[in-house]
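The values are calculated or read from the model by the stated rules, or taken from the named source; none is laboratory data. The shown structure was predicted, so the numbers you read here are calculated from the model rather than taken from an experiment. For neighbour counting, all protein chains shown are included, and Cβ atoms are generated from backbone atoms with ideal geometry for every residue, glycine included.
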Amino acid sequence: MNSTDKAAERTADNHSAIGKNMRKILKELGEDPSREGLRDTPGRYTSAMRFLTSGYKKTGRSVVGNALFTADSSDIVVIRDIELFSLCEHHLLPFYGKAHVAYIPSKKIIGLSKVPRIVDVFARRLQVQERLTAQIAEELKKILNPSGVAVIIEAFHLCMMMRGVEKQQSYTITSAMHGDFRDDPVCRQELMHLLGGLGNKGRH
Ligand SMILES: [Zn+2]
């Protein structure tokens, strides 16, 4: 995109419904939306919010494409420390941290780089951490039909930290376990071993 296109897009975003309303909000907060630093803020806000909620237009399947492969292995696959940024639906403030995803293949495996993209499909929506965790697990179940799937998310919530609701360094851990990870203590134990040393992974 050249700079003329960018300027045109910025102007369009400034005049979009989101942009117009953001200008009202700025006024309501006691600001002057026409001052230099804020003049283009409604437009920037519009494009930032469109990006941060772009997951609504995607599905796990649409980002995986044909990166599904046949395999005989039934050994646990773990992708840990996947960087995660999302927005809490209650305050529209960020929560961020790490996602750890594991599955036990049943004939199908997935290109490893696709797992973080599935995480983003659901993270780039307005979320609560519990639902985000469950949705990623459900989507992997649908795509891979694995013998087991586990998703663990560790995250810091700025809506709590910035508002002083909770201690600054406390983070929230959520998990969703299906299949053998839920039902078979040996599988679960192996997973915990592979994920050993979780904690403080959300901190940047
Ligand atoms: Zn919140």
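See the values below:
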item	result
Cβ-Cβ under 7 Å pairs, at least 6 apart or on other chains, segment 172-192 side outside the structural domain of residue 146 (by TED's automatic domain parsing), far side among the small types (Gly, Ala, Ser) and surrounded by fewer than 17 Cβ atoms within 10 Å (Cβ to Cβ)	none
Matching residues in segment 50-73 - criterion: being of a type outside the set (D, E, K, R) and either within 16 Å of the ligand (Cβ to nearest atom) or more than 29 Å from residue 130 (Cβ to Cβ) (or both)	52, 53, 66, 69, 70, 71, 73
Residue in segment 87-94 that is away from the ligand (no atom under 16 Å from the Cβ) and acidic (Asp, Glu) present	no
Qualifying residue in segment 21-41 (condition: of a type outside the set (D, E, K, R), modelled with pLDDT of 95 or more and in contact with a Pro (Cβ under 6 Å, 6 or more places away or on another chain))	yes
Condition broken by residue 17, with the remaining ones in (1) more than 30 Å from residue 181 (Cα to Cα); (2) at pLDDT below 95; (3) over 26 Å from the mean Cα position of the chain (by Cα) satisfied	(3)
Test: residue 148 is surrounded by fewer than 20 Cβ atoms within 10 Å (Cβ to Cβ) and small (Gly, Ala, Ser)	no
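Listed here are the residues, each with its yes/no results for (1) without any contact (Cβ under 8 Å) to a residue 24 or more places away in the chain; (2) closer than 20 Å to residue 188 by Cα; (3) touching an Asp or Glu at 6+ places or on another chain (Cβ under 8 Å); (4) not assigned by TED's automatic domain parsing to the domain that holds residue 186.
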| site | (1), (2), (3), (4) |
| --- | --- |
| 100 | no, yes, yes, no |
| 106 | no, yes, no, no |
| 110 | no, no, no, no |
| 122 | no, no, yes, no |
| 154 | no, yes, no, no |
| 158 | no, no, no, no |
| 168 | yes, no, no, no |
